[in-house]
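This report concerns only the one structure given below.
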Amino acid sequence: MSKFMALIKRGNTSSGIAALGNTGLAIVKAIAASISGSGTMFASAMHTVADAVNQGFVFFGSVLAEKKPTKRFPTGFGRVVNLFCMVAVIVVTIMAYETFHKGIKLLKHPEDATNFWLNFVVLLIAIAIDGSILIKAMKEIIKETKAEAKGFAIFPTAFRNAGRAAPPTRLVFYEDIVATFGQVLALVAVMFAEFTDFKLLDGIATILISFLMIGVAFKVGYDNMVGLIGVAAPKDVEDRISGNILAETDVTDIGKLRIVQEGRAYHVEAYIELRKGLTLSEATSIKNRVIDNLLRDSDISDVTLGIMDDDGIINWSKPVPTLG
């Protein structure tokens, strides 16, 4: 039990908080939609249900991904979270279809919504909750990618580095961008329905929200398909890791370097060239120092190093930045 609780604590924070927040929000929205009959509120509730289910799936996927490698699964469980994210994509797609179907129905047969102030207050609360979850996800992206940003700078920094964040954090980030925008769209539609005679906007907003959900499903599905196949680390991560290897004074060059991203972790495989004249014992000691230095980075799960003779040809220059 203690081991399981330790894994829970290491699960993705953004998805865990988002799952809890969206579960409560979905219940409130569903009640408001049933009372008022608003199609836009129904669409917003469906979107929030999808978000809650997704982020719950992804949180537990991130927990399982933290399990240590076993004899049967020597590379660990990092890609489990990608599988859970793919299940989340299926859920979003189904919810998007139901939302689209509801929007078409509202276009053909517009309905008068009631309880305007109930919908108005619920949507304002939803914007505040989704906005705070989005900001939390942005901060998590900055933390995971080791970027530096404060204040309003977190917004552009998070967008630039989102592709390098852990799959669960990316999912929360993309979903809550759409969720926050969807709540604003729903609020506008509810206000138009109350204060104008343009009743079709309820159906139009419902269909637009379904399209936003499909967009999230496509983006998250693509990212996780790439993750399941196995994707190379970004160039700046490769530069930092190579710089860390070459920081060892006895390493003259890198003959081969392959870095594969799995979940939020990196698998490093490399052949290093050492200065001539070393004994086997000295070469082994240097290799072990390089491995220990690389493994100090929490994002690197394992390192495999081989030793090559120095061929006198420089393949890698020594970049200034190193892993902290």
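Just so you know, all these numbers are worked out from the coordinates, no wet-lab data involved. If you're wondering where the values come from, they're calculated on a predicted model, not measured in any experiment. With ideal geometry, Cβ positions are generated from the backbone for all residues, glycine too; neighbour counts draw on all protein chains shown.
The gain in end-to-end length when the I94 to D250 segment is fully stretched comes to 50.4 nm, 0.36 nm per residue minus the alpha carbon separation.
Between L20 and K150, the modelled labels are 2.8 nm apart [label points 7 Å from Cα along Cα→Cβ].
A helix-only calculation puts the chain at -23000 deg cm²/dmol for mean residue ellipticity at 222 nm, using -39500 (n - 2.57) for each DSSP H run of at least four residues, averaged over all residues. Taking the chain as a Gaussian network of alpha-carbon nodes connected by springs under 10 Å, the highest mean-square fluctuation of the residues T93, T169, T48 belongs to T93.
Compared with the dominant Cα axis of the chain, that is its longest principal axis, helix 280-295 is turned about 20°. Between E194 and K105, the modelled label-to-label distance comes to 2.4 nm, taking each label 7 Å out from Cα in the direction of the beta carbon.
In loop segments of the stretch 39-88 as defined by DSSP, the trypsin sites (Lys or Arg not before Pro) with at most 10 further C-beta atoms inside 10 Å of their C-beta are K71, R72. In terms of other Cβ atoms within 10 Å, I313, I209 run from fewest to most in the order I313, I209.
Compute the angle between helix 167-195 and the longest alpha-carbon principal axis of the chain, please, reported from 0 to 90 degrees and rounded to the nearest 10. Once rounded, one gets 20 degrees. Taking amide H positions as modeled 1.01 Å from N, with prolines and chain starts lacking one, the residues under 5 Å from E262 and 5 or more places away or on another chain are H267.
Other residues within the sphere of radius under 12 Å centred on the Cβ of V91, judged by their own Cβ, net out at -3 (K and R +1, D and E -1). When the listed pairs K256/K287; K71/K146; K108/K199; K67/K256; K29/K102 are checked against a 20 Å cut-off, the alpha-carbon distance exceeds it for K71/K146; K67/K256.
Tell me the label only: which of (1) 5, 24, 31, 21, 8, 3, 3, 2, 1, 0, 0; (2) 6, 23, 25, 19, 13, 8, 4, 2, 0; (3) 5, 24, 32, 24, 11, 3, 0 is P(r) over Cα pairs in 10 Å bins from 0, in percent as calculated from this structure? Looking at P(r) over Cα pairs in 10 Å bins from 0, in percent for this model, the match is (2). When peptides 219-232, 276-289, 15-28 are ranked by their average number of other Cβ atoms within 10 Å per residue, the highest-first order is 15-28, 219-232, 276-289. For the peptides 194-200, 295-301, 98-104, residues were scored by their other Cβ atoms within 10 Å and the scores averaged per peptide; the highest-first order is 98-104, 295-301, 194-200. Each of H267, H47 was scored by other Cβ atoms within 10 Å of its Cβ. Arranged with the fewest first, they read H267, H47. Under a 5 Å amide H cut-off, with hydrogens placed 1.01 Å from N, M308 pairs with I272, E273, L274 among residues at least 5 apart or on other chains. With the simple model of a label 7 Å out from the Cα in the direction of the Cβ, A232 to I125 spans 5.0 nm.
Counting only residues at least eight positions apart within a chain, or on another chain, the aspartates and glutamates with an alpha carbon under 15 Å from that of K150 are E140. Per-residue Cβ neighbour counts within 10 Å put V172, V216, V188 in the sequence V188, V216, V172, beginning with the fewest.
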